[in-house]
Amino acid sequence: MPTSTATLVLPSPAPGTERTLRVHRYGAPDARPKAYFQAALHADETPGLLVAHHLLRGLEQAQAQGRLLGEVVVVPVANPIGLSQHLNGRLLGRFDFDSTGNFNRAFPDLTAATLERVRGRLSADPVVNVARIREALQAVLAERAAERETDALKLALLRLAMEADLVFDLHCDGEALLHLYASQWQRDDAIELGADLGAMAILLEAEPGGHPFDEACAGPWWKLRAALVAEGPVPLACFATTVELRGQADVNDKDAASDAAALLRFLQRRGVIAGEPGPLPPPRCKPTPLDGVDVLTAPAAGVLVYRKQLGDSVAVGEVVVELVDPLGDPVSAARTPIRSAASGLLLARMTERLARPGQKFCKVVGREPLSHRQAGTLLED
């Protein structure tokens, strides 16, 4: 059993309705290191829900055996709003029906307000500085209020995660290989986690744009370190990552149990759970820059016929997909080849095979930055 389970109530969007967040805590309250997990912030990305289930089972076992050295917080369903959004029998959990915004964008940046609170208060002791910055971050969050249900959800998730040393946001793509997003300043942590998970890509960035959840948690630390370099040491006290658990249809106990076990081994390596995690598996990939990902876009409407499959190697200029116009006349001119601008790995693609003009449908992970990819605009909606 968890040490505690709490239910957080979100503001009601209409009379007679109420949505909640369930929060499980394992280990002694406020023990360090502290880890935070959440699943399905994009509510239609189901694999994380099953991984969270297996993760809870592993944590309950560790708790019963007295192996919890730190604290672990788990929100197994991070977006009850998105889970309620159905249209014609289909769950649509990526965008908020109320605001039309992406649920994993536009999290508040707490850096400026936190900087005002800690400037002139740092010491030569990095441990003291971390405590003061965490206190300031929580104070800034406490001052914020939200009227809309989705804004309240974002604040609630940040309040739970902002105290953590390790933050894991569990997502998936349409169809994909397992991969990670992380900050370029936390490369070593990302490599180790990727090795445990068997990740096929580790995408590092400095400024992805859109301000997703992982950046909202970890970003203040590297920004404050740069702003306060003359006042005292500021460690990067939060490793936050987005874990992409393959594709939406990859929901099975074998993968989920394996992923949860890998996450628990990583917690052992970080001293959150006692026990021997075993040797680190050889990494299956090297980190690559997020701005080296070529996101292929449909130039017109049509049917996508892939010439390359997930996991295939792709060379610059090679045809990845043909776009077929079913009304093309003459028929011999109905196919348009779409080529990769990067050399690398076909990592992910959308589930649908009918594309709209301008629709982003596929990702090829390259090894070098691409000139047309710009910082601040690297995450597609």
Extension reserve of the E60-D329 stretch, reckoned as 0.36 nm per residue once the Cα distance is removed: 90.6 nm
Sorted by Cβ neighbour density within 10 Å, fewest at the top, the residues T297, T100: T100, T297
Extension gain (nm, one decimal) between H53 and E135, 0.36 nm per residue minus Cα-Cα: 26.4 nm
Inter-site label distance for L92 and V316 at 7 Å from Cα along Cβ, in nm: 4.0 nm
Extension reserve of the T336-L354 stretch, reckoned as 0.36 nm per residue once the Cα distance is removed: 5.1 nm
Burial ordering of S343, S371, fewest other beta-carbon atoms within 10 Å first: S371, S343
E147-A31 pseudo-label distance in nm [points 7 Å out on the Cα-to-Cβ vector]: 4.4 nm
Over 31 Å (Cα to Cα) - which of K34/K360; K154/K308; K254/K286; K34/K363; K223/K308 fall in this group: K34/K360; K154/K308; K34/K363; K223/K308
Inter-label distance for R105 and A261, nm, one decimal - labels placed 7 Å from Cα along Cα-to-Cβ: 3.9 nm
Those GluC sites (Glu not before Pro) in the stretch 105-187 that DSSP places in a loop and that have at most 14 other beta carbons within 10 Å: E147
Electrostatic dipole magnitude of the stretch 130-234 [Cβ: Lys, Arg +1; Asp, Glu -1; Cα centre; debye, to 20]: 400 debye
Positive dipole terminus of the chain, leading residue within P212, V75, V229 (C-beta point charges): V229
The stretch 345-360 - phi-based ³J(HN,Hα) in whole Hz, Karplus 6.51/-1.76/1.60, Gly and Pro as x: 10, 6, 9, 8, 7, 6, 6, 5, 10, 10, 9, 9, x, x, 6, 7
Computed over the chain, Kirkwood Rh from alpha-carbon pairs, angstrom: 21.9 Å
MRE, 222 nm, helices only [DSSP H, n ≥ 4, -39500 (n - 2.57), over the chain, to nearest 500]: -8500 deg cm²/dmol
Simple Cβ-charge dipole of the stretch 4-285, Lys/Arg +1 and Asp/Glu -1, about Cα centre, in debye nearest 20: 540 debye
Residues A301 and H372, FRET efficiency given R0 of 25 Å [Cβ-Cβ distance, rounded to 0.05]: 0.65
Packing-based exposure ordering (other Cβ within 10 Å, fewest first) of L180, L204, L327: L327, L204, L180
Distant alpha-carbon pairs in the stretch 291-366 (separation over 22 angstrom), percent: 18 percent
Spatial separation of Cα centroids for the stretch 81-102 and the stretch 124-161, in angstrom: 27 Å
Tensor-based shape of the stretch 1-153 (alpha-carbon gyration tensor, a/c under 1.5 rounded, otherwise prolate or oblate): oblate
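Quick note: the coordinates plus some simple rules give every number you see, no bench work behind them. Predicted, not measured: the structure shown is a model, and the values here were computed from it. Here Cβ is always computed from backbone atoms with ideal geometry, including for glycine, and neighbour counts include all displayed protein chains.
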